[in-house]
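Working notes for the structure below.
What follows is calculated from the coordinates using simple rules that are stated; it is not laboratory data. Bear in mind that the values here come from a model prediction, so they are computed numbers and not experimental data. Quick reminder, even Gly has a Cβ in these numbers, built from the backbone with ideal geometry, and neighbours come from all protein chains shown.
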There are 2 protein chains.
Amino acid sequence: MLSTMQDGQLSLAHLLRHGTSVHADSEVVTWTGSESRRRSYAEVGTRAARLANALRGLGVTGDQRVGTFMWNNAEHLEAYLAIPAMGAVLHTLNIRLFPEQLVFVANHAADHVVLVDGSLVPLLAKQLPQMSTVRHVVVANGDAGTLEAPDGVQVHSYEELLAAAPDTFEWPELDERSAAAMCYTSGTTGDPKGVVYSHRSIWLHSMQVCMSDGMRLSEADTSLAIVPMFHAMSWGLPYAALMAGASMVMPDRFLQPGPIAEILAAEKPTMAAAVPTIWQGLLQHLEANPQDISHLREVVVGGSAAPPSMMHAFEENYDVPVLHAWGMTETSPLGSVARPPAAAAGDEAWAYRYTQGRFPASVRARLIGDSGEEMPWDGESVGELEVQGPWIAGAYYSGQEGVDPDPEKFHDGWLRTGDVGKITSDGFLTLTDRAKDVIKSGGEWISSVDLENHVMAHPAVAEAAVIGVPDEKWDERPLVAVVLREGGSVTPAELREFLADKVAKWQLPENWTFVDEVPKTSVGKFDKKRLRGAHAEGKLDITHV
Amino acid sequence: MLSTMQDGQLSLAHLLRHGTSVHADSEVVTWTGSESRRRSYAEVGTRAARLANALRGLGVTGDQRVGTFMWNNAEHLEAYLAIPAMGAVLHTLNIRLFPEQLVFVANHAADHVVLVDGSLVPLLAKQLPQMSTVRHVVVANGDAGTLEAPDGVQVHSYEELLAAAPDTFEWPELDERSAAAMCYTSGTTGDPKGVVYSHRSIWLHSMQVCMSDGMRLSEADTSLAIVPMFHAMSWGLPYAALMAGASMVMPDRFLQPGPIAEILAAEKPTMAAAVPTIWQGLLQHLEANPQDISHLREVVVGGSAAPPSMMHAFEENYDVPVLHAWGMTETSPLGSVARPPAAAAGDEAWAYRYTQGRFPASVRARLIGDSGEEMPWDGESVGELEVQGPWIAGAYYSGQEGVDPDPEKFHDGWLRTGDVGKITSDGFLTLTDRAKDVIKSGGEWISSVDLENHVMAHPAVAEAAVIGVPDEKWDERPLVAVVLREGGSVTPAELREFLADKVAKWQLPENWTFVDEVPKTSVGKFDKKRLRGAHAEGKLDITHV
């Protein structure tokens, strides 16, 4: 029996039209270091049409890739809209990739054009000669004259291109499963892997961001997207903002705690999203420079686990609830969100909020145990998290129009997340480790994340990373690398004492080291591979207690 | 270039699994006339599996249709879940259809099984002999023994069937565009027309109900769905509740103002949805029997235009905001929702709230003028509303596996709504009339809905319906049919005076009649066709002022 529903396609051209007409007066606000520049969504719509015409003029056809090498700003939002809506594919280049990775992804995606912010021209210029498919570089927010182009590459001014282009564009009708945008994941091993989002996946993900069990984004919001637009599509906020009609505040390159505090004071956003290190930095800044930030109805934290101490500091000192969320580039990224059941209150609600959260209806999850069996959702059984859903990757881009269902990462149509954890019967996920970071001591698993959170709750500690190190008796034991706060002072024995009533006795670490900083990946996560390397090479000064 | 997103299907089997596991403790509460009976979503899930097994046992295969002839109750919710999830098609039979229409739709849909509430057995029994494809009738909430079945029809007890069936079911994987449920529209002319919803359309619509620019349904809600489950799928609330984990309160057959007030007092729902006549009745009841209903965070009104006076009464007397919404069976039904922009306050916000609302990103709209041209969104130009989107019908079910793109109702892939109105530049729709109810006086349109709202704002008036009647000089002039409140008294001259500062002078009606009630369609809307008929036959006693 045939459904009588219309057969229309979910498409970003519709999103562009909707957001820039019905919500013509909503704004994208870009911080310039001392003040804001403002642009209405109506203007963004006209400029996106000009950009599409300009890109067509540079030879962009079909689903060709257009790279962006940009901060979060109004021009990057225009690229987010124009490129997929015209049928091309937006490739957000991560400016923090190591040089050889950056060259790899531009060539692997076969970017034809790259849009670059003026402030990032020097960073791009060094690698540009090796980007073999790039024919045009378009410089936004800066002087195109500063870029000396390799042979065969033309350099353009973004504003001049737009000024010369017509301000309407005949957006094509597209299949909703066609490619809209791509983002490479930057693991610590091997080449980066490309995830290709479809118009459908982005549309559905945007709806989720606006749902009550998502980020609840609404027309009443002004969203400060600190998480970079080159990092998992800024968690989907730019597209969701156009869908809801929410205004956006963009920090551009001003990501230090001081400028973030200034942006908060100037624009009073109602919600903001960033990784824990950004929020930790802001908290430290606010301790020294108090400021009312209660205009934030919610702060979303993801990318790494949010330390409970940080969540309490926001709520108790600044009256701002922290929403803990889990996701990854391969999940668009919204996976789970830690909104406690309405019936939970007090400590019970907090216990829910510490978790990575609950999966919405569109995301299905399972835990796979050591020997491949599915583990129960009992809040205790631990396994590797696998997920399924309409905005979850089922393969990587292999180049040349193909996909790569890497069996290390995909399993019977499920994404293997590489995260290890447990799920309660009511669907709340607690991650205990990355699969590769699990510490197995005497046959039992010790959660490195759990130990890190407890150590970071100590007032003298700024950061702590825990790795497993070889042990003759127990196979592996935890080693804690501690970064002290400025002026902080504490001994390993004191820290061990501090943990005594928080973790089981056999989990208490004997091995401690103080470091100036925890090595980070290009997206700011703890790089435990480098920490393990430093330990293996005997470069860490270890105290045994 | 291929997207690397998973190719999974949106399917109600996933919705069933999600809602009944992760939200196992949420409840469906059914009113029994004096108290509530409660069932957890976990139990609903088990019983839905039993129901699917039982229906399989009655020979339901493939996408065969299973009719329901039921009130809003827990068993109807089980049918909502089990029937589509097993791959069959849920056909909600409107118990208020005229007998010949009821027979028509059951035969047209070729229902194989009908589930019926015990209290509705007498109503069904009369038409059952003419329902030629029905082989099984299953009686829920009552005694199966009371039904004398025609030859070839077997009668079963719902509870006995469930008790005998296994409590797990292997839900099939289905194409998301396959048929899930169907509902016939009951116009005042011609045979009812079947709308067939797909798994995809129901999934997307459920997301919209939970979105910030939808009904904002969340896990914290207890939803009182007064709008019948046989009327436009109870506005999508049952499926959305399972998606969000919201509990549901079901009024069963107790739809009079007194029982609704009792249900509100007993279950304190946080939101409720119904047509204006239900809410008008409740307001009158509450005037005489005051009761705190401020547990309602919002009351959703649709199906007909909400009179502003009613919206103010709810908000000012009971602290309950009314959300005005527009939709129809063909739109699943969520079309537009009148949430004012956050920047609007006071009278400006009220002006937005009186409208039929703004279309979400997934629903596209246009206005078509008298000569087929597209009208601008300027808040003044009037045309027939046409809509497009993934949960909007593109045809009717023609029987025999076909679809009927009736050119009277569908136009280049758009649904012609039959509603006439205007849209502001920021996307807010104001309906002025049904296309067939438009009054054209001296070449100018007079909105019957607008006049009705103004007359109904008079304290002595309970209801008012306006139709166009022939006029020698002006072609047509408005005739107002007034139903007085109990104890209310007012003359036509006084009503005309009351309107004097509210509408243009040339719109002031000269023709008035007092009636005991406005004739209604089977779904409770003003039946202006019958009113026009009564006028044509000279049955109305008209006063000219």
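Got the B:Asp191 label distances to the other copies yet, label 7 Å along Cα→Cβ, in nm, shortest first?
6.1
Mind checking the full-extension length gain between B:Ala344 and B:Thr146? Use 0.36 nm per residue of separation minus the Cα-Cα distance, one decimal, nm. Intermediate values should be presented prior to the final figure.
Values: separation 198, 0.36 × 198 = 71.28 nm, distance 5.78 nm.
Extending this stretch completely gives an extra 65.5 nm.
Angle between the Cα long axis of helix A:308-318 and the longest principal axis of chain A, 0 to 90 degrees, nearest 10?
70
Given axes a ≥ b ≥ c from the Cα gyration tensor, I'd like to know whether chain B is rounded (a/c under 1.5), prolate (a/b larger than b/c) or oblate.
Working: a/c = 1.58, a/b = 1.54, b/c = 1.03.
Prolate shape, in that a/c is at least 1.5 and a/b is the bigger ratio.
Restricting to region B:8-206, compute how many DSSP beta bridges are antiparallel as a %, nearest 5. It would help to have the intermediate numbers written out before the result.
On the way: 11 of 31 bridges.
Among the beta bridges of region B:8-206, antiparallel pairing accounts for roughly 35 percent.
Sequence-distant or interchain residues sharing an amide H contact under 5 Å with A:Leu323, placed H: which?
Correct list: A:Val299, A:Val300, A:Val301.
Extending each Cα 7 Å along its Cβ direction at A:Lys436 and B:Asp25, get the distance between those two points in nm, one decimal.
Placing both labels 7 Å beyond Cα along the Cβ direction yields 3.9 nm.
Only bridges with both residues in the protein assembly as shown count here: give the DSSP antiparallel percent, nearest 5.
On the way: 119 of 199 bridges.
Counting only bridges with both partners in the protein assembly as shown, antiparallel ones make up about 60 percent.
In what sequence do A:Ser448, A:Ser36 fall when counting other Cβ within 10 Å, fewest first? Mind dumping the intermediate values first?
Details: A:Ser448 24, A:Ser36 14.
Taking fewest neighbouring Cβ atoms as first place, the list is A:Ser36, A:Ser448.
Note down the net charge around B:Gln284, summing +1 for each Lys or Arg and -1 for each Asp or Glu among other residues with Cβ under 12 Å from its Cβ.
Values: positive: B:Arg485; negative: B:Glu287, B:Glu463, B:Glu486.
For residues surrounding B:Gln284, the net value is -2.
Neighbouring Cβ atoms within 10 Å as the yardstick, rank A:Leu77, A:Leu120 fewest first. Each step should come with its number before you reach the end.
Working: A:Leu77 27, A:Leu120 19.
Taking fewest neighbouring Cβ atoms as first place, the list is A:Leu120, A:Leu77.
Summing +1 for each Lys or Arg and -1 for each Asp or Glu, what net charge is found among the other residues whose Cβ lies under 12 Å from the Cβ of A:Asp191? Spell out each step's value before the answer.
Numbers: positive: A:Lys193; negative: A:Glu100, A:Asp404, A:Asp406.
Once positives and negatives cancel, what remains is -2.
What does a probe at A:Lys529 reach in region A:85-121, counting residues whose amide N is under 19 Å from the point 7 Å along Cα→Cβ?
Taking a point 7 Å out along Cα→Cβ of A:Lys529, the residues of region A:85-121 whose backbone N falls under 19 Å are A:94-106, A:108.
Treating the beta-carbon of each Lys and Arg as +1 and of each Asp and Glu as -1, no other charges, what is the dipole magnitude of chain B about its Cα centre, to the nearest 20 debye?
Values: 42 positive and 71 negative charges, 102 e Å.
The calculation lands at about 500 debye.
Within 10 Å of each residue's Cβ, count the other Cβ atoms and sort B:Glu316, A:Glu472 from fewest upward. Let's see the in-between values first.
Numbers: B:Glu316 9, A:Glu472 6.
Neighbour counts put them in this order, fewest first: A:Glu472, B:Glu316.
Taking the Cα centre of region B:438-544 as origin, sum charge times position over the Cβ atoms of Lys and Arg (+1) and Asp and Glu (-1), and report the length of that vector in debye to the nearest 20.
Details: 14 positive and 18 negative charges, 58 e Å.
Using only the charged Cβ atoms, the result is roughly 280 debye.
Can you give me the relative contact order of region A:285-371 as a percent, contacts being Cα pairs under 8 Å and 6 or more apart? Could the numbers behind the result be given before it?
Numbers: 108 pairs, mean separation 19.9, N = 87.
Once normalised by length, the contact order is 23 percent.
May I ask you to derive the relative contact order of region B:438-544, considering only C-alpha pairs under 8 Å and at least 6 residues apart, and to give it as an integer percent? If you can, show how the numbers build up before the last one.
Working: 172 pairs, mean separation 25.4, N = 107.
In percent, rounded to a whole number, it is 24.
If you count the DSSP beta bridges with both ends in chain A, what percent of them are antiparallel, to the nearest 5?
On the way: 57 of 97 bridges.
Counting only bridges with both partners in chain A, antiparallel ones make up about 60 percent.
Which net charge results when you count Lys and Arg as +1 and Asp and Glu as -1 among the other residues whose beta-carbon is under 10 Å from that of B:Gln507?
Summing Lys and Arg as +1 and Asp and Glu as -1 gives +1.
Enter the mean number of other protein chain beta carbons within 10 Å of the beta carbon of each residue in B:199-210, as an integer. Could you put the intermediate results ahead of the total?
On the way: counts 2, 3, 4, 2, 4, 5, 1, 2, 9, 3, 2, 10.
Counting Cβ atoms of other protein chains within 10 Å of each residue's Cβ and averaging gives 4.
Please identify the helices of chain B, taking whole runs of DSSP H, that span at least 18 Å along their own axis as judged from the Cα atoms and have a mean Kyte-Doolittle score of -0.5 or higher.
On the way: long enough: B:41-57 (24 Å, -0.15); B:276-288 (19 Å, 0.03).
Membrane-span-like by this criterion, though nothing is claimed about a membrane: B:41-57, B:276-288.
Counting only C-alpha contacts under 8 Å and six or more residues apart, can you give the relative contact order of chain B as a whole percent?
Numbers: 1160 pairs, mean separation 54.9, N = 545.
RCO, chain B: 10 percent.
Determine the dipole magnitude for region B:8-206: charges of +1 sit on the beta-carbon of Lys and Arg, -1 on that of Asp and Glu, nothing else is charged, the reference point is the Cα centre, and the result goes in debye to the nearest 20. Walk me through the intermediate numbers first.
Numbers: 14 positive and 21 negative charges, 68 e Å.
About 320 debye.
Run the simple label-point estimate for B:Asp412 and B:Ser425 please: 7 Å along Cα→C-beta, distance reported in nm.
In this crude spin-label approximation the distance works out to 2.4 nm.
Give the cross-link partners of A:Lys473 among the lysines, using a straight C-alpha distance below 19 Å as the criterion and excluding same-chain residues fewer than 8 apart.
In chain and number order, the partners are A:Lys440, A:Lys505.
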